[in-house]
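Heads up: the structure comes next, in structure tokens.
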Amino acid sequence: MCGVFGVWNHGEASNITYLGLHGLQHRGQESAGIVSSHDSQLVSYRRMGRVAEVFDSKAIAALPGTSAIGHVRYSTAGMSIQKNAQPFAVEFKGASLAIAHNGNLTNAVTLRRRLEDEGALFHTTMDTEIFVHLLARSKRETLVERMREAMDIVEGAYSLLILTPDQLLAVRDPHGFRPLVLGELGDGHVLSSESCSLRLVDATPVREIEPGEMLIFDAQGMRSIRRSAPAPRYACIFEHIYFARPDSQIFGEDVYGVRKESGRRLAVEAPAPGAEVVIPVPDSGNAAALGFAQEAGLPFEQGLIRSHYAGRTFIEPAQSIRHFGVKLKLSPVESVIRDRSVVVIDDSLVRGTTSRKIVRMLRDAGAREVHMRIACPPTTHSCFYGIDTPDRAELIAANKSTAEIAEFLGADSLSYLSLDGLHASVKGHGGGYCSACFTGRYPIRVPEESAPAARLSEHE
Ligand code: AMP
């Protein structure tokens, strides 16, 4: 998954972009980059690492100009290497162009093969580069027309920012899988994957970029082009469950409110009789646990504390310490847990490996009973539209029943929120959400080479 942020017409474009990327750091921690436009040229700085590690004041000062785009990356298509860091910047036909992409193209392999057969030389392994080749090869005159043509060729999920020395384009795929919002800042504009970053830079939220819409910023100001044929909306429901920040509004709805409501509904659907205390798996389960506790009339306590300083790499002790990895991140509060029957709330269960360690940790800390409640349905299918879910073989709910999973976790009971309960928690869009990770009903064709044959359902 990834985050994108852009600025048009502001004296401190790269600095604002840098701040905006900080607010999107949860969407990707592998690499960060900014491209700014200055003196008819694009200037680029991209590195592996988090925003605060990648940029210092010298790097920002070397990115002058009044427009910029930025990207934080968590690889879902293409390897995690510096060459694949975004924004991706190229020169063609004497013009420069940079592109920042959130989402996954579903016909990337087919298009790449076709483009390579036609002589295209790819520099990266990212699906994003396909856009660049399509734009470069188009016979249309303007970038806007070329982009419009590309939108008819690519399939899948994309929220895109494209920067040239004299234009900024903000584009969202026709189904609106990934979020993208517009804000105003002084005389200029900002674009962001999530609204939390608009607030961070003191921008006023204006609206979402609509599915299938292209916003164009240039010397004439701002204008909008929409695809003539409207397509069904498939906003990613998992953004609400896990991915987006709870202080964001995405797809026109408050993420925190959706999560709390999902927890409240979970308490109605799957109460835990005899339980004495509700604890979240921080931070992902916080809002749902609060909703659950309020509905169940049980105390909400912080029974697990998360360390925010656990890095991604660590040195294993030679003498094995039990559940070492998870201990770096989470630690139990014994006074909350000891001798009690505990309901543990998490937003989702994927492989089950972390949750299993958490249950052990709670038992070691003296819990009498551990009841796991998950604020979404069983995750049974991989995502091909930009969320990093493992292959089906590794998804525990694709391979075990709920009773078997409870046993694997070592929990006294396990229940999930129903699909109806989840859909009722997100009220907007008249149900225009993609929930393929729970149903296997993929709303648009998934890549041929990864499609389970029985699941390949096109344009339902
Ligand atoms: P596990 O018990 O190993 O299935 O891990 C469950 C945890 O993974 C939950 O706390 C989720 O919030 C978290 N999670 C869900 N989806 C993702 C994802 N795409 N990337 C990273 N963590 C995730």
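The values are calculated or read from the model by the stated rules, or taken from the named source; none is laboratory data. Given the structure is predicted, the values throughout are model-derived calculations rather than measurements. A quick note on method: Cβ atoms are made from the backbone with ideal geometry, for glycine too, and the neighbour counts reach across all protein chains shown.
Observations
- Test: residue in region 275-285 that is within 16 Å of the ligand (Cβ to nearest atom), within 25 Å of Leu422 (Cβ to Cβ), of a type in the set (S, T, N, Q) and at pLDDT 95 or above: no
- Test: residue in region 196-203 that is crowded, with 21+ Cβ neighbours inside 10 Å and part of a loop (DSSP other than H, G, I, E, B): yes
- The one condition from (1) free of Cβ contacts under 8 Å to residues at least 40 places away in the same chain; (2) within 19 Å of Gly297 (Cα to Cα) that Ala203 does not meet is (2).
- From the list Ile69, Ile60, the lone residue that is surrounded by 24 or more Cβ atoms within 10 Å (Cβ to Cβ) and modelled with pLDDT of 95 or more is Ile69.
- Test: Val342 is under 22 Å from Gln294 (Cα atoms) and surrounded by 22 or more Cβ atoms within 10 Å (Cβ to Cβ): yes
- Any helices (runs of 4 or more DSSP H) falling wholly within region 314-430 and containing at least 1 residues that are away from the ligand (no atom under 13 Å from the Cβ) and in contact (Cβ under 8 Å) with a residue 12 or more places away in the chain: 324-329, 334-337, 353-364, 402-409, 419-425
- Region 117-156, residues that are hydroxyl-bearing (Ser, Thr, Tyr) and farther than 18 Å from His71 by Cβ: Ser138, Thr142
- Some residue of region 323-343 being within 25 Å of Phe438 (Cβ to Cβ), modelled with pLDDT of 95 or more and not assigned by TED's automatic domain parsing to the domain that holds Gly49: yes
- Pro246 vs. criteria surrounded by fewer than 21 Cβ atoms within 10 Å (Cβ to Cβ), at pLDDT 95 or above and within 16 Å of the ligand (Cβ to nearest atom): yes
- Identity of the residue in region 363-413, of a type in the set (D, E, K, R) and under 19 Å from the mean Cα position of the chain (by Cα), that ends up nearest to Arg351 (Cα to Cα): Asp391
- Taking the listed residues Gly156, Gly176, Gly188, the one that is small (Gly, Ala, Ser), touching a Lys or Arg at 6+ places or on another chain (Cβ under 7 Å), more than 16 Å from the ligand (Cβ to nearest atom) and in the same structural domain as Gly11 (by TED's automatic domain parsing) is Gly176, with no other qualifying.
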